[in-house]
Amino acid sequence: MGFLSNPLVRRTDRVEGLLVGIAVVVSLVALPFVIMLAKADVSHETAASDAQLKTRHQVTATVVATAPKPASVGDSAPIAHSSRVTATWRLANGSPQTGVVTVPAGAGNPGSQAPIWLDSDGKQTTAPLTHADAVTNGVLVGTFTWLCAIGVLAGGFWIARRVLDRHRSARWAAEWAQFAGPEAVR
């Protein structure tokens with residue numbers, strides 16, 4: 001209670017303290033909503049993961065043509081992490097398929113094998129989303145949302161603080177002019 005009744009504490013200081021308190025309370029009140037959002041995202045992505053696991057399957061592709069060498073620029077040779085090569089694989093019904101696949105660097109020689117993912121239509125696709133990925137994404141969504149809320153609160157507080165500082169400065173100038181006289185202001 002000393003802060004509120006202290007005669008040396010200006011009204012702008014009290015307003016600033018109140019704004020800090022409001023920002024802290026709002027950021028804490030936002031936590032349950034952020035947690036609900038994160039849980040909803042995990043639930044949605046887990047359902048997507050389950051659907052992808054049902055409709056995607058992995059097959060082994062066999063490279064039939066050597067990967068082209070990456071073009072180098074200047075004296076440095078590029079570091080390749082993967083190569084696009086022509087390969088063959090079998091669909092779920094046993095029919096052969098030929099196409100371009102991405103294989104890890106060094107696996108682009110004829111006869112090399114690489115796993116690829118196919119959808120229910122036999123088209124190449126990405127690996128299905130795992131449940132661990134779904135949880136990680138949900139945690140990231142929740143964390144990012146809460147940090148954005150804190151950023152907005154901090155930005156609002158910063159603006160309010162600038163306004164309060166201007167009021168304090170104007171008040172100090174007026175009080176100094178009253179104390180020292182008009183010739184001290186020059």
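What follows draws every value from the coordinates through simple rules; no lab data is involved. Because the structure is predicted, anything quoted here is derived from the model rather than measured. Every residue, glycine among them, receives a Cβ derived from its backbone with ideal geometry; neighbour counts consider all protein chains shown.
In segment 122-142, which residue that is of a type outside the set (V, I, T) and part of a helix (DSSP H, G or I) is surrounded by the fewest Cβ atoms within 10 Å (Cβ to Cβ)?
Among those residues, the one meeting the criterion is A132.
Right, A154: aliphatic (A, V, I, L, M), in contact (Cβ under 8 Å) with a residue 12 or more places away in the chain and closer than 30 Å to L18 by Cβ or not?
Spelling it out, A154 is indeed aliphatic (A, V, I, L, M), in contact (Cβ under 8 Å) with a residue 12 or more places away in the chain and closer than 30 Å to L18 by Cβ.
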